[in-house]
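Working notes for the structure below.
The values are calculated or read from the model by the stated rules, or taken from the named source; none is laboratory data. Every value quoted in this text rests on a predicted model; they were computed, and no experiment measured them. Every residue, glycine as well, gets a Cβ built from its backbone with ideal geometry; the counts of neighbours run over all protein chains shown.
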Amino acid sequence: MKKLLFSCAMALTLSACTSNGPLFHSWEDYETERASGAVYKVEEPYEVKGIWYFPAEQNSYSEKGLASWYVPTGDSALTANGEVYDANLLSARHKTLPLPSLVKITNLENEKSVVVRVNDRGPMVNNRLIDVSQEAARQLEMPSSGAIFVQVDLLPEESQALRNELISEGRVYQSGQPIVQETLLEETPVLENVPSETELLYDGTKEAETAVVLTGPKVRLGAFGDPNNASRLQNKVGAEMPVQTSITTKNGRTLTVVEAGPFATKEEAEIALTKLKAKGYKDAFIVK
């Protein structure tokens, strides 16, 4: 009875959040074979491609950025918290949110929104905030360009409810627990057997994704004589957005320059600049 009441309450709450219906959100999802290995997971910091990420408990989260959809190494691939990826369910992957979390994703180009369960880590392409399943992409009406600008809002009460249920069952990630993260570094989707109506939602290859971010504007955070200071700043800001360092010489001094980006458009760079200044980086500015 407890689980039935919980599921009904979740359904009513989430139905109010989106017109798409409360799919893949209730506790009963964890009693299926697909999710039999699922755990609640907030793991230790991890490093990918020289950038450190810091998963943490969240009581609130609201960010804007780019979203794309993904297919891991096959529908049998495990997500980062031990579930089996299912392209037909409403799910997503994020770099630092607790697993699972429930978030509302709004397509800022058409105001379509959907509630998804974050159960995987990624995307590790620099300019992506979140990746969604094919079903979520379909409901958001993502265009053939593959990436859209979205707002991601955590649903704290619903996320906490799922967390509490998993913890009460003793299903909690422990350091060293052998959850296979097959998709962590895999950014090129496997397009075999993708339904024809969703095949155009993704913009293609890894090379195409990389080309999006190589030539755009950047936000310069500072230049440091001590490379250790530059490294600390890169790690701190890199948890939220792509950050690069480069070496330059000025007045005979060797300096390490720290820049966020590059971003796909000037508008995205301006949003990043606003966010960075709000966090205290008052001297940051946009460079070509």
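Just a yes or no: is a residue in region 264-273 charged (D, E, K, R), in a helix (DSSP H, G or I) and over 23 Å from Val125 (Cβ atoms)? There is no residue in region 264-273 that is charged (D, E, K, R), in a helix (DSSP H, G or I) and over 23 Å from Val125 (Cβ atoms). For the residues Asn229, Asn251, Asn235, the requirement of being modelled with pLDDT under 80 and not assigned by TED's automatic domain parsing to the domain that holds Pro143 singles out Asn251. Within region 73-92, is there a residue that is surrounded by 24 or more Cβ atoms within 10 Å (Cβ to Cβ), at pLDDT below 90, touching a helix residue (DSSP H, G or I) at 6+ places or on another chain (Cβ under 8 Å) and under 27 Å from Ile167 (Cβ atoms)? Yes, some residue in region 73-92 is surrounded by 24 or more Cβ atoms within 10 Å (Cβ to Cβ), at pLDDT below 90, touching a helix residue (DSSP H, G or I) at 6+ places or on another chain (Cβ under 8 Å) and under 27 Å from Ile167 (Cβ atoms). Once region 94-131 is narrowed to residues that are touching a Cys at 6+ places or on another chain (Cβ under 8 Å) and surrounded by fewer than 24 Cβ atoms within 10 Å (Cβ to Cβ), the residue that is farthest from Lys49 (Cα to Cα) is Ser113. Of all residue pairs spaced 6 or more apart or on separate chains, those with beta-carbon atoms under 6 Å, a first member in region 249-268 that is at positive phi and crowded, with 20+ Cβ neighbours inside 10 Å and a second member that is in a strand (DSSP E or B) and modelled with pLDDT of 80 or more are Gly261/Lys218; Gly261/Val219. The residue that is farthest from the chain's Cα centre (by Cα), counting only those in region 207-226 that are modelled with pLDDT under 80 and not in a helix (DSSP H, G or I), is Thr215.
Filter region 132-153 for residues that are surrounded by fewer than 20 Cβ atoms within 10 Å (Cβ to Cβ) and either closer than 18 Å to Lys95 by Cβ or at pLDDT below 90 (or both) and give the result. Selection gives Pro143, Ser144, Ser145, Phe149, Gln151, Asp153. If I ask for residues that are surrounded by 14 or more Cβ atoms within 10 Å (Cβ to Cβ) and either under 16 Å from Leu233 (Cβ atoms) or out of contact with any strand residue (DSSP E or B) (no Cβ under 9 Å at 6 or more places or on another chain) (or both), which ones from region 269-284 would you list? Once the filter is applied, which keeps residues that are surrounded by 14 or more Cβ atoms within 10 Å (Cβ to Cβ) and either under 16 Å from Leu233 (Cβ atoms) or out of contact with any strand residue (DSSP E or B) (no Cβ under 9 Å at 6 or more places or on another chain) (or both), region 269-284 yields Ala272, Leu273, Lys275, Leu276, Lys277, Tyr281, Ala284. So, Val150, is that one under 17 Å from Thr96 (Cβ atoms), aliphatic (A, V, I, L, M) and not assigned by TED's automatic domain parsing to the domain that holds Gln244 or not? Spelling it out, Val150 is indeed under 17 Å from Thr96 (Cβ atoms), aliphatic (A, V, I, L, M) and not assigned by TED's automatic domain parsing to the domain that holds Gln244.
One residue stands out among those in region 212-248 that are touching a residue at least 60 places away in the same chain (Cβ under 8 Å) and among the basic types (Lys, Arg): the one that is surrounded by the fewest Cβ atoms within 10 Å (Cβ to Cβ), which is Arg220.
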